[in-house]
Each structure stands twice: as C-alpha cells, then as structure tokens.
Amino acid sequence: VTTTDSSAQDLGSAYQPLTGEQLRDPYPFFARARQEQPVFFSADLGAWVVTRYEDVLRVVRDPQTFSSLDTLDAPFEPVPEVFEILMENFRPVVHLVNSDPPDHTRLRAMVAPAFSAPRISRLEPAIRRWADELIDAFADQGETDLVASYGYPLPMRAIMHMFGVPPEDTERCKRWCDDATLFAFVLSTLPPERQIECAHSVVEFQDYVAELADDRAANPRDDLTSDLLQTTHDDFEPLSPAEVASLLPGFLLAGHESTANLIANAVRLLLERPSRWEGLAAAPETATAVVEEALRLEPSFQGMPRTTTRAVELGGVELEAGQRLLVMFGSANRDAQRFPSADEFDTGRPRLPNLSFGRGIHFCIGALLARLEGQIALETLARRLPGLRLADGFVPAYVPTLMMRGLTRLDVCWVGDA
Ligand code: HEM
C-alpha cells in the first residue's frame with residue numbers, strides 16, 4: 001500500500017499501541033488523530049486506522065463494502081512450524097465475527113435464541129451466587145488482585161456453565177482461550193516457542209470442543225451446546241456438530257475475556273476517585289449507569305478489523321479494494337462530536353448509544369449477558385466491600401494486545417471482613 005500524504009505517514013509511525021504511553025493511555029493519541037488525520041495508515045500494522053465516530057459507524061453499518069471475512073486473520077506471518085501444526089490438525093473456523101452475509105445471516109439466526117433475554121435472565125441468580133462465593137474466598141485477606149480473583153473467574157464460570165463445560169475443565173479452557181487470543185491478534189510478535197505453544201493450544205481447544213459437541217449431539221442436556229444443536233429455523237439448515245464445535249471457542253473466549261476486562265476497568269475507574277466508589281456503595285442501583293459509562297470510556301474491545309471489498313472514500317482518504325482497516329471503538333466513544341466532554345466519567349450524561357458492542361449485523365450477541373454480569377459484579381462488590389480502595393502505589397498496566405483493553409492486575413485493599 002502506498003500513501004502520498006506525509007502527515008498520514010507521520011501519524012502512522014507515531015501509532016505504537018503495544019508499548020509505552022499509548023498502551024497505558026491511548027486516548028490522547030486518538031484525540032490527535034481525530035483532529036489531524038481521522039483515517040491514517042499504520043505500516044507496522046498494515047492497516048488504515050479509523051478514529052472518528054461517524055466513520056466507524058459508517059464502516060460497521062456497511063458489511064457489503066467493509067467485509068469481516070479476514071477479521072481473525074493475523075496481519076503478519078508466524079514462524080513456519082506454526083503452519084505445520086495447523087496444516088496437520090487445524091479445522092477451518094466458522095464463526096459469526098469473521099463471516100459476511102449470507103453465511104453470517106444463517107449463523108446469527110441459528111444462535112440468536114441461545115442469547116435471548118429470557119435465556120440470559122435465567123442465569124441471574126447463579127451469577128449473583130458466584131459473585132458472592134468469589135468474594136467469600138478473599139474477603140478476610142484485606143487485599144487482592146481483583147483481575148485474578150474476581151474479574152476473570154466470574155464471567156468464566158458463567159460462560160462455561162452456559163455451554164456445559166464441566167467446572168474441572170475451566171482451568172485448561174482458560175489457558176486455551178488466552179493462547180487463542182494471542183494467536184488471533186498478536187501471534188507474530190511472540191517468540192517462536194510461544195507461537196508454537198499457541199498453535200498447539202488452538203488445536204487442543206478445537207479437539208476438546210469437537211468432543212463436547214459430539215457428546216451433546218448424542219446426549220442432549222440443559223445447556224447451550226445442546227440448544228444450538230437442536231435449534232431449527234424455517235429458512236435455514238440446522239447447525240451440524242462440526243459447525244457448533246467451530247462456534248464454541250469463539251463463544252467461550254468472547255464470553256469471558258471482554259467481560260472480565262469490563263469489570264476490572266470499571267472498578268479501576270471508580271476507585272481512582274474514591275467518591276465514585278462511595279457513590280456506588282451508597283446507591284448500588286446506579287451500577288447499570290456505571291457499566292455503560294465504563295464501557296464507553298474503556299471499551300474492552302478497542303477496535304475490530306474490516307477489509308474493503310471495493311474502492312471507497314472514508315474520512316477524506318481514497319481506499320482501494322482489499323485494504324485492511326481497524327475501526328477503533330475506543331476512539332469513536334471519545335469523539336466530542338458525539339459525546340460532549342467525552343473524556344469525563346459522568347454517569348449522569350444523556351444516554352446516547354456508544355460503540356462498545358459494535359453496531360449493525362455484528363452487534364455483540366452477548367451484550368445483554370455482559371451488561372448483566374458487569375452490573376452484578378459491581379453491585380455485589382460494592383455491597384460486600386464498601387471500603388474498597390486501590391492498593392498503595394498501584395500503577396495500572398495493560399496487556400499488550402491490539403484489540404483488547406485489559407489490566408494485567410488490579411491491586412486493591414480494604415479494612416475488615418466483607
Ligand atoms: C463487555 C463485554 C463485551 C464487549 C465489550 C464485547 C464487544 C463486542 C464487539 C465490539 C463486537 C462486534 C465485533 C465486530 O463488529 O466485528 C462483538 C461481537 C460479538 N460478541 Fe461481544 N462483547 C462482550 C461480551 C460478549 C459476551 C459475554 C459474549 C458471549 C458469548 C460475546 C459474544 C460475541 C459474539 C459471538 C460476537 C460476534 C457477533 C457477530 O459477528 O454477529 N460478547 N462483541
């Protein structure tokens with residue numbers, strides 16, 4: 001790809017999201033980009049970065065022009081051994097997030113009932129119980145890393161339970177999910193041994209969920225894996241066990257990682273100003289508004305890729321067909337054209353939909369579940385530990401991945417038992 005605009009190139013080389021200041025706080029850089037060059041090219045990432053709300057919205061609403069087929073394809077080549085492992089064992093992945101209509105239309109129609117409001121609200125009592133149990137486990141310690149002890153395990157338990165993964169397999173599923181995230185987004189930046197490990201994890205994960213889907217096809221149970229296999233539709237063929245197996249890693253992964261990040265990001269935003277935390281503890285019903293504002297300011301998915309299917313103008317740039325884009329929800333959500341005083345945490349702001357869950361045909365199918373989990377996680381924590389505060393000297397550090405916004409840890413402390 002060539003670009004003749006030198007300021008676009010400058011901004012592109014200044015974009016270093018995986019390290020230093022921009023990893024800690026990417027938002028000032030995006031503010032500059034929205035102002036100076038709202039769509040700029042990053043040679044390092046081989047992609048055009050889209051930063052304004054209007055442009056991001058236009059892309060996600062137009063899947064004909066902006067395809068999702070390459071969404072899960074790593075932008076750079078991994079070491080050759082990775083190909084060998086995949087060539088022998090890998091099953092092609094059918095998923096919602098990396099498909100376009102008409103395939104996407106069928107898949108979405110077939111899985112939508114599993115994520116319906118009644119199905120999700122049935123989980124509420126269990127999520128509340130798990131939140132309390134997790135807090136019981138660390139309540140008398142006076143300090144904890146909330147990412148490890150609360151943010152991750154809560155949505156992990158929920159999603160594993162929903163799809164019928166036995167609790168004793170949670171740990172290895174977690175490892176596979178972590179490796180699969182690296183595999184999808186930053187594989188080629190890892191040392192060769194880690195790349196190979198991640199490829200093995202992806203294959204083991206596929207074998208595991210294939211067995212799970214085959215088992216539920218033969219012996220249906222009260223879980224979503226069985227539901228997906230039994231769902232029928234007037235216009236579409238049912239999902240085969242192989243298709244369900246292919247969908248499962250995506251659900252297990254998307255279903256916990258992003259919600260875990262939401263919980264930790266929200267608690268951090270609150271504890272940074274103790275009066276915010278006190279406000280929630282005094283009025284737990286405000287958790288819904290806190291979740292929305294945390295999602296807007298620190299979306300777990302900072303962005304997603306798309307690829308142009310035809311020549312198109314976007315944000316003042318002429319793009320050819322076949323160009324990779326990164327649409328940055330994290331930047332769009334702070335666009336002052338859309339959200340006045342966009343950098344401020346304000347739970348009282350007028351409710352304008354933000355882009356944290358995307359928009360259009362790929363709008364997050366788990367949004368209801370994520371919101372419910374986030375809300376219960378905050379409410380329960382504020383009820384149990386109203387005196388929570390950040391540990392002395394805590395400095396937030398973020399996992400260096402391009403798309404996710406996740407704290408490596410969240411050290412907190414409190415006085416007395418919960
Ligand atoms: C805070 C938590 C979450 C955030 C911020 C989030 C964010 C997103 C975003 C931005 C998209 C759109 C991707 C695109 O346009 O390319 C998406 C899609 C998706 N999300 Fe979520 N998500 C969250 C939780 C969940 C949960 C709990 C599940 C449950 C399984 C889930 C499953 C999915 C799936 C399957 C898609 C693809 C939908 C499609 O392509 O039709 N997500 N999510």
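The values are calculated or read from the model by the stated rules, or taken from the named source; none is laboratory data. In this text, all values refer to a predicted model and were calculated from it rather than measured experimentally. Ideal geometry is used to build each Cβ from the backbone, glycine not excepted, and the neighbour counts take in all protein chains shown.
The table below gives the values:
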read-out	value
Output for the stretch 31-65, where each listed residue is assigned to a loop (DSSP other than H, G, I, E, B), in contact with a Lys or Arg (Cβ under 8 Å, 6 or more places away or on another chain) and within 16 Å of the ligand (Cβ to nearest atom)	Thr51, Arg61, Thr65
Helices (runs of 4 or more DSSP H) contained in the stretch 269-337 and holding at least 1 residues over 16 Å from Ser68 (Cα atoms) and out of contact with any Phe, Trp or Tyr (no Cβ under 8 Å at 6 or more places or on another chain)	274-282, 287-297
Number of positions in the stretch 66-105 that are assigned to a loop (DSSP other than H, G, I, E, B) and within 14 Å of the ligand (Cβ to nearest atom)	16
Some residue of the stretch 354-371 being at pLDDT 95 or above, surrounded by 17 or more Cβ atoms within 10 Å (Cβ to Cβ) and away from the ligand (no atom under 16 Å from the Cβ)	no
Scan of the stretch 211-240 for residues that are polar (S, T, N, Q), assigned to a helix (DSSP H, G or I) and in contact (Cβ under 8 Å) with a residue 40 or more places away in the chain, ordered by number	Thr225, Ser226
Subset of the stretch 247-274 that is polar (S, T, N, Q) and either under 16 Å from Phe394 (Cβ atoms) or at pLDDT below 95 (or both) - its residue that is farthest from the ligand (Cβ to nearest atom)	Asn265
Conditions (1) part of a loop (DSSP other than H, G, I, E, B); (2) more than 9 Å from the ligand (Cβ to nearest atom); (3) farther than 26 Å from Asp25 by Cβ; number of the one not met by Arg383	(1)
